[in-house]
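What follows is a single structure, written as structure tokens, with notes after it.
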Amino acid sequence: PFLPDFYKKKKGAAFQTQFSFLIQRFEQLRSLDLGAASQRTVVSDFIFEKNKLFACLNLTDLELETYNRYYNFFRDQLPTPDLVIYLQASTDVLKKRLKKKNAPGEKAINEDYLDEVVKAYEHFFFHYTSSDLLIINTSEIDFVDRNEDLQELLRKVSEPIKGTQYFLALGNQEAASA
């Protein structure tokens, strides 16, 4: 509910937005009841740690101090994923995708901020060791409009993934020659 004010850069909206997302994501993951004995398979479009990346970009030091106290408390109560898939893309590609998505508030996202987000994700995943990780540079891959890219990815994720692995859709000649 705070995103419109955040996009308008209203004072205090960044903290309200980040804290709201923190609680929402915690509640979503906590409601899954994924204890150590659970055999459930869960697919999510986020990892809890993602919220902290945005908090570091958007909050003041004082706000971040408060945010981190709750983040650490919540994080300790959540399971670590078995596999994380990082869909990486360049700033230019992300700008095109945002334009195509045409979400009302996201029109206010500028290129400098998008660059910061890309760098934060790259830094985070360069150091990520909490679980197995598949990195997919999606700058030349289109899972939405090219079914063959999606099928290659589905084949890849059906194989065991250990440690950090990278995926390149070989059927895409533009991506294969890059």
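The values are calculated or read from the model by the stated rules, or taken from the named source; none is laboratory data. Keep in mind that what you see is a predicted model, and the values were worked out from it rather than measured. Please note: Cβ atoms are built from the backbone with ideal geometry, for glycine as well, and neighbour counts cover all protein chains shown. SASA here: full protein model, heavy atoms, side chains in, ligands and nucleic acids out. Shrake-Rupley method; radii C 1.70, N 1.55, O 1.52, S 1.80 Å.
How far apart, in nm, are two points set 7 Å out from the Cα along the Cα-to-Cβ line at THR129 and at ARG30?
3.0 nm
Give the shape of the chain as rounded, prolate or oblate, defined through the alpha-carbon gyration tensor: a ≥ b ≥ c are the square roots of its eigenvalues, a/c under 1.5 means rounded, and otherwise the shape is prolate if a/b is larger than b/c and oblate if not.
Oblate is the answer for the chain, as a/c is 1.5 or above yet b/c matches or exceeds a/b.
Let a ≥ b ≥ c be the square roots of the eigenvalues of the Cα gyration tensor of segment 49-112; is it rounded (a/c under 1.5), or, if not, prolate (a/b larger than b/c) or oblate?
Judged from the Cα gyration tensor, segment 49-112 comes out oblate (a/c at least 1.5, b/c at or above a/b).
Show that you can apply the helix-only estimate: for the chain, add -39,500 (n - 2.57) for every DSSP H stretch of four or more residues, divide by all residues, and state [θ] at 222 nm to the nearest 500.
-15500 deg cm²/dmol
Select from GLN24, GLN39, GLN151 the residue whose mean-square fluctuation is largest in a Gaussian network model of the chain (Cα-Cα springs shorter than 10 Å).
Residue with maximal mean-square fluctuation among GLN24, GLN39, GLN151: GLN39.
Under a cut-off of 20 Å between alpha-carbon atoms, report the lysines in cross-link reach of LYS95, not counting same-chain residues fewer than 8 places apart.
Filter leaves LYS8, LYS9, LYS50, LYS107, LYS119.
Report the gain in length on full extension from LYS10 to SER90: 0.36 nm times residue separation, minus Cα-Cα distance, nm rounded to one decimal.
Length gained between LYS10 and SER90: 26.0 nm.
Dipole of the chain (Lys/Arg Cβ +1, Asp/Glu Cβ -1, origin at the Cα centre): which of LEU62, LEU29, PRO1 lies farthest to the positive side?
With unit charges placed on the Cβ atoms, the residue in question is PRO1.
Could you provide, to the nearest whole Å², the per residue accessible area of the chain with probe 1.4 Å?
66 Å²
Rg over Rh of segment 102-151, using C-alpha atoms and the Kirkwood radius, what does it come to?
Rg divided by Rh gives 1.06.
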